[in-house]
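Questions regarding the structure given below will be posed in turn.
The values are calculated or read from the model by the stated rules, or taken from the named source; none is laboratory data. Computed from a predicted model, the values in this text were never measured in an experiment. Cβ atoms come from the backbone with ideal geometry, glycine included; neighbour counts cover every protein chain shown.
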Amino acid sequence: MTKIEAPKVVKKKLFSPIWLLPLVALALGAWLGVKSIKEAGIEVRIHFPSATGIDVGKTLVRYQGLTVGKVVDISIDDELKGVNVDLKMDYRADPFLNKGTKFWLVAPKASITGVEGLDTLFSGNYIAIQPGDGESQSFFEAEENAPAILPNEDGLVIELTSETLGSLDVGSQLFYRQIPVGQVISYKLKGASEISLTAFIKKQYAHLVKKDSQFWNVSGLKIDASLSGIKIKTESLSTILAGGLSFSSSENSEMAEKGQQYKIYDNEELALGGIEFTLTADKAESATIGTPIVFRGINIGRITDSKLTNSGVEFTAKLNTEHAELLSASSQFWLEGADLSLSGVKHAERLLTGSVINFSPGSGEPASQYPLLAEQPDKLATSKLTLTLTSESNQGIAEGAEVRYKQIAIGKVNSVKLNNSLSGIEYQIEIWPEFTRLMTQDSYFVPESALSIDASLEGVSVKTRDFTTLTQGAISLIQGSSKSQVKKGATLTLFASRQTAAEHFQNLNLIKLTLSSPDGADLSPGAPVYYQKMQIGEVDKVNWQTGEQSFAVNLSIQEQFSELLKSNTVFWRNSALSVNAALTGIEIDVAPLQGALKGSITLGLLDETEHGDQEHLYASKSLALAQAKPISLSFPADVKLSAKAPIRYHGHQVGEVESVKLDKTLDSVTAKAYLYGNYAKQFTQTDASYFIVDAQISLSGITSPETLITGPYIGVTPGKSDIRSENFVANDTPSKQRKTGELYFTLEDSNLGSIKSGTPIFFRGMKIGQVDSYDLSATGNSVLMHSHIDSQFSHLVNQSSQFWNLSGVKVDIGLFSGAKIETGTLETILAGGIGVVTQSKTSDSNQLAADSQFPLQKQLDPEWLNWAPEQKAP
């Protein structure tokens, strides 16, 4: 009997996991949709004057080299005044699309000051963007020109004004002590009589621009002709071509602020000065431009400009920087010429030189305008400044002794007495009213020595002062850099000597210096600076300067060693281990441990009569003491040149290569080199020629065989230009220097054959010249061989001369005459040669013109052997 099973009841689940798949797909699709909408890009429209250089789908939008959009459409605007360019911007650029944002087209542009947009030659034109502030917007008007400075460029922007533009232009450089520190970035008319120029100073040089800086034009050449001779001066080659400005600043002035305004003077003489002001007069009888301003017989300024006004004459005057502090609110100016009287002539020299403007200091803050008086005014009736000086002992100062500043009396000592505690000396002094401004918070006093004896192995030097100093003594004021004035009754210190005062202030200030080096010189912050193996300072930091392609090494020198920083000071880097091996023995010099770890620098002094470079860090002591001048040489990339290769002139070493570096283009190398100081002047002309000297092996022998062992070196020939340079492009072969009396001409042949540079030219078997170089003619149908005849044989060659090829072996075989073989010397068979013969005697009528040209005959014509004119050397 069949058993029937009971059905099994399965409870159905409320939720199946399979439904998770469509939910995940739905969430993923929603996320992709939101992401697609968000990253779809932002549509922006820019109005351009024309669509030249802009292509749909090709022209990109870039910011700092990064692509942030591209052109998607171009259409003509409704008013037919330009085109509308539609852009699709990256969604991440949305925060930058504001009212102040600027767009402009970048295309290659070349001018005398440089090349802009050079990268577009490879990538094509592109639209640049400069983000700005303001409300968000999507329509913009394109800029005609790129903004003067992009926001990420760090530096100082200043405004300059001039009556004329001259040769200045955008890109004209700004120089400080002949070092380029900035450039002109834009200019525009300012009213109807002035031009406003905007200049940019690089960040590392911004501290050089002070509020009282003076700017002057250095464009072109300055020629000063007088009975003493002619002087020609120029700042650099670039200023001749593109114009330039130079400026000077005082060390103690405040740094300039952004947008500071300055006037451009025509020359350095008019610009230099510490402070400018105006003098007014009813008429100008004796004062003209250039009239000196005199104080106690010393020229302290001059008149720089004059003009008529409704009330009389107005002069612009300037005081020199070192005397600018003498000007005050109560200063007075008056004209003074030669004084004729029965007793004689006073200031007779002014009969020839003209009148001067005398000056009397005063007190108070300087004014901008002063009257020019016709006569000397009465003395000022203002109060004197009384001070107390303290010293541990009497410094030989008596009552009535003078108080001096730069050997000019500015006051006197009223009393000398013990202080109340009997522990020291008090001097009561007075400073006359016109000199009170010299007294600042950090000023100090030292006694003057009536007799100074300096004894050494070289001899004894004795210096004495005047009789008053010998009997009463004298006090000298050493002025500080502070602007704060000393109050009446203040107490100051009388130091025993300047050395004592320097020791007192040595820890208050450090002297800051910046040296330039082509490499980091293995230096790090804290690296010591030595003098005679004693540490006198340290390295603060080492920065790479992109514009100069060099490192800036910042130093701090202790104040007590400031006297070492002179015109004959030089700096060089030290090696951790220096080995000097010679037949006399081996000398090993090991740097101190700190210098070996961090690197070190040595300060050295040249002879007192020599001038060193205080802004360059030399690679070694020998280069520094030789006053080597750094130069830069450019060679093709395949040149065989290494560091330490010598630079030679006619076999004499005049310099050496420090480093050789492959340029970014991979087409050339740049060699950083030095010229020894006593040779630098002869080989830094712009037309000086540098070339590689390497061994050349041929049938005629080996040229420069020593380079097979030592390696190639650099040869140099001097130029004749008065313009100097530090950057040179080397030649493949040495250039021939033309000498007085030599004849220069060109030989032409259908092919070069065995002729080469150096192939001799023979006259009756005797060498009288040679081939200097050769090249193809302009048509390419012949070879031109540039040659010369030595000066002592120049009379042997004229327009009737014939030249033929002596090279190789010539064979002539005839059916009945047999074989005829003609050869020259072994030298001409191997190395080639050229023969010359002259038909007529050299005279004024048949002399060779400059760079004459002759055909090079294949062989000698037998008739030429009969030519034998009597040629006599002049």
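Test each condition in (1) within 37 Å of the chain's Cα centre (by Cα); (2) of a type outside the set (A, V, I, L, M, F, W, C); (3) modelled with pLDDT under 80 for Gln261 and report the one that comes out false.
(3)
Go through region 778-794 and give me each residue that's surrounded by fewer than 18 Cβ atoms within 10 Å (Cβ to Cβ) and out of contact with any Asp or Glu (no Cβ under 7 Å at 6 or more places or on another chain).
Within region 778-794, Ala778, Thr779, Gly780, Asn781, Gln792 qualify.
Given the criterion in contact (Cβ under 8 Å) with a residue 12 or more places away in the chain and in contact with a His (Cβ under 7 Å, 6 or more places away or on another chain), identify the matching residue among Pro630, Pro646, Pro636.
When all the criteria are applied, what remains is Pro630.
If you don't mind, there's one more thing I want to ask. Of all residues in region 522-544, how many are in a strand (DSSP E or B) and either of a type in the set (Val, Ile, Thr) or crowded, with 16+ Cβ neighbours inside 10 Å (or both)?
10
On the basis of being outside the structural domain of Phe445 (by TED's automatic domain parsing) and either surrounded by 15 or more Cβ atoms within 10 Å (Cβ to Cβ) or closer than 27 Å to His207 by Cβ (or both), does Ala552 make the cut?
Against the criterion (outside the structural domain of Phe445 (by TED's automatic domain parsing) and either surrounded by 15 or more Cβ atoms within 10 Å (Cβ to Cβ) or closer than 27 Å to His207 by Cβ (or both)), Ala552 qualifies.
Further question: One residue is enough: does region 711-718 have a residue meeting the conditions surrounded by 13 or more Cβ atoms within 10 Å (Cβ to Cβ) and modelled with pLDDT under 80?
Yes, region 711-718 contains at least one residue that is surrounded by 13 or more Cβ atoms within 10 Å (Cβ to Cβ) and modelled with pLDDT under 80.
Continuing with this model, one more query. Return the residues of region 20-60 that are at pLDDT below 70 and loosely packed, with under 10 Cβ neighbours inside 10 Å; say none if nothing qualifies.
Scanning region 20-60 gives Ser36, Ile37, Lys38.
List pairs: first residue in region 60-83 and within 10 Å of Tyr126 (Cβ to Cβ), second residue loosely packed, with under 11 Cβ neighbours inside 10 Å and not hydrophobic (A, V, I, L, M, F, W, C) anywhere in the structure, Cβ distance under 8 angstrom, at least six positions apart or on different chains.
Lys70/Gly57; Val71/Gly57
Out of the residues in region 409-430 that are loosely packed, with under 14 Cβ neighbours inside 10 Å and among the hydrophobic types (A, V, I, L, M, F, W, C), which is farthest from Thr468 (Cα to Cα)?
For region 409-430, the residue satisfying everything is Leu422.
Determine whether Lys283 is surrounded by fewer than 15 Cβ atoms within 10 Å (Cβ to Cβ), within 21 Å of Glu375 (Cβ to Cβ), not assigned by TED's automatic domain parsing to the domain that holds Phe200 and not small (Gly, Ala, Ser).
yes
Something else: On the given criteria, is Ser578 outside any helix (DSSP H, G or I), farther than 29 Å from Val693 by Cα, outside the structural domain of Val693 (by TED's automatic domain parsing) and modelled with pLDDT under 80?
yes
I'd like the full set of residues that are at pLDDT 80 or above, assigned to a strand (DSSP E or B), of a type in the set (A, V, I, L, M, F, W, C) and touching a helix residue (DSSP H, G or I) at 6+ places or on another chain (Cβ under 8 Å), limited to region 426-466.
Ile431, Val446
Further question: Among residues belonging to region 403-413 that are farther than 15 Å from Leu492 by Cβ and assigned to a strand (DSSP E or B), point out the one that is farthest from the chain's Cα centre (by Cα).
Filtering first and then ranking leaves Lys412.
I'd like to check something: does region 609-624 contain any residue that is touching a helix residue (DSSP H, G or I) at 6+ places or on another chain (Cβ under 6 Å) and without any contact (Cβ under 8 Å) to a residue 60 or more places away in the chain?
Yes, some residue in region 609-624 is touching a helix residue (DSSP H, G or I) at 6+ places or on another chain (Cβ under 6 Å) and without any contact (Cβ under 8 Å) to a residue 60 or more places away in the chain.
Are there strands (runs of 3 or more DSSP E) fully within region 732-813 with at least 1 residues that are modelled with pLDDT under 85? List them.
The qualifying strands (runs of 3 or more DSSP E) are 766-776.
In this structure, is Ala398 assigned to a loop (DSSP other than H, G, I, E, B), at pLDDT 85 or above and closer than 30 Å to Ser497 by Cα?
yes
Are any residues in region 327-362 assigned to a loop (DSSP other than H, G, I, E, B), modelled with pLDDT of 70 or more and of a type in the set (S, T, N, Q), and if so, which ones?
Ser328, Ser330, Ser331, Ser355
Same structure, new question: Are any residues in region 173-214 over 18 Å from Ser248 (Cβ atoms), of a type in the set (S, T, N, Q) and part of a loop (DSSP other than H, G, I, E, B), and if so, which ones?
Ser193
Okay, next question. If you check Ile129 against the conditions, is it closer than 20 Å to Ser186 by Cα, within 29 Å of the chain's Cα centre (by Cα), modelled with pLDDT of 80 or more and surrounded by 16 or more Cβ atoms within 10 Å (Cβ to Cβ)?
Taking the combined requirement at face value, the residue does not satisfy it.
Among the residues of region 256-297, which ones are under 24 Å from Lys406 (Cβ atoms) and part of a strand (DSSP E or B)?
Hits for region 256-297 are Ile275, Glu276, Phe277, Pro292, Ile293, Val294, Phe295.
Return yes or no: is Thr390 under 43 Å from the mean Cα position of the chain (by Cα) and not assigned by TED's automatic domain parsing to the domain that holds Ile298?
no
So, Thr469, is that one among the β-branched types (Val, Ile, Thr), outside any strand (DSSP E or B), at pLDDT 75 or above and farther than 26 Å from Ser331 by Cβ or not?
So Thr469 passes the test.
When the residues of region 657-696 are filtered to those that are outside any strand (DSSP E or B) and more than 22 Å from the chain's Cα centre (by Cα), which remaining residue is nearest to Pro646 (Cα to Cα)?
The extreme case among them is Asp694.
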